[in-house]
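**Student:** If you scroll down you'll find the structure; I have some questions about it.
Quick note: the coordinates plus some simple rules give every number you see, no bench work behind them. As the structure is a prediction and not an experimental result, all values here were calculated from the model. Because the Cβ atoms are built from the backbone with ideal geometry, glycine has one as well, and the counts that use them run over all protein chains shown.
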Amino acid sequence: MTGIHLYEMGNMNLLAIIGSPRKGKATDTLVDKAIEGVIEKTPEASIKKIYLSDNEINYCKDCLTCWRQDIKDPLAKCVIRDDMDVINQDILNADSLIIGTPIHMGYTTALMMTFLERICWTFAKPTKSYFIVKGCPEPRSDKKRKAIIIGVSGMIPTKYKKLCNCATPQIKGVIKDSLNAKTVGDLYAGDVWNQNVEQYFDKAFKLGQKLK
Ligand SMILES: Cc1cc2nc3c(=O)[nH]c(=O)nc-3n(C[C@H](O)[C@H](O)[C@H](O)COP(=O)(O)O)c2cc1C
């Protein structure tokens with residue numbers, strides 16, 4: 001597996017996950033700014049950054065092998081052997097998460113969606129009962145995590161984010177239900193094709209500081 005940058009070793013484990021197919025562009029840059037905010041507040045943090053595009057992450061097969069596992073472990077086994085084996089361990093170690101995604105057709109990227117489908121039932125178990133619906137996901141682990149989400153859109157201005165950003169609420173829901181992660185803040189960096197990405201640097205930095 002490639003595409004990992006290990007910044008520092010410490011006692012707060014942060015995992016940053018990039019769902020853009022492009023390195024060094026808006027999502028990647030803003031995630032780096034958020035990481036700077038984390039380091040400013042928590043210099044001892046151990047930080048790992050993963051580009052999903054560098055990893056072999058196959059599609060969920062809907063075999064529901066993970067869904068059926070009635071186990072105490074925080075992670076159910078998946079039948080697929082690929083780089084998710086390593087990423088899952090990184091998630092288990094993580095106390096905090098930064099999720100960065102471009103907005104594609106109003107949603108998250110296929111890269112990020114493939115990743116989300118793979119963590120959905122490996123890290124969650126079906127509830128015995130949830131109001132009247134049985135089988136909704138709830139985290140397998142009690143370990144609480146914090147998260148921030150950065151969404152980047154090419155042409156939709158920030159003022160329309162509620163209409164044109166289904167990515168952030170979906171990611172928020174999945175990481176809550178599967179990873180027990182509370183989203184403590186999010187950033188929608190709109191219209192980066194026409195706006196300067198730098199205008200979002202301060203917001204991204206402050207967002208990172210919230211992970212303390
Ligand atoms: C397939 C595809 C769909 C896209 N859909 C949207 C969209 O719905 N709204 C939008 O504002 N930009 C859209 N874009 C533009 C991306 O959001 C934009 O290029 C963004 O900056 C990518 O992030 P990056 O710079 O980190 O790679 C789309 C781009 C692609 C390739």
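**Student:** Mind checking which lysines have their C-alpha under 24 Å from K212, skipping anything on the same chain fewer than 8 residues away?
**Tutor:** K33, K41, K48, K49, K143, K144, K146, K172, K176, K182, K203
**Student:** Could you please tell me the mean projected area of the C-alpha convex hull for the range 4-209, averaged over all directions and given in square nanometres to one decimal? List each step's numbers first, then the result.
**Tutor:** Values: hull surface 46.0 nm².
Average of the hull's projected areas for the range 4-209 equals 11.5 nm².
**Student:** Please figure out what share of the DSSP beta bridges in the chain is antiparallel and state it in percent, rounded to the nearest 5.
**Tutor:** On the way: 8 of 34 bridges.
So the antiparallel bridges amount to about 25 percent of the total.
**Student:** Quick one: putting +1 on the C-beta of Lys and Arg, -1 on the C-beta of Asp and Glu, what dipole do you get for the chain around its Cα centre, in Debye to the nearest 20?
**Tutor:** Working: 31 positive and 24 negative charges, 154 e Å.
Magnitude of the dipole: close to 740 debye.
**Student:** For the chain, set up a Gaussian network in which alpha carbons nearer than 10 Å are linked by springs, and say which option among R140, R81, R118 fluctuates the most.
**Tutor:** Result for the chain, Cα springs under 10 Å: R81 fluctuates most.
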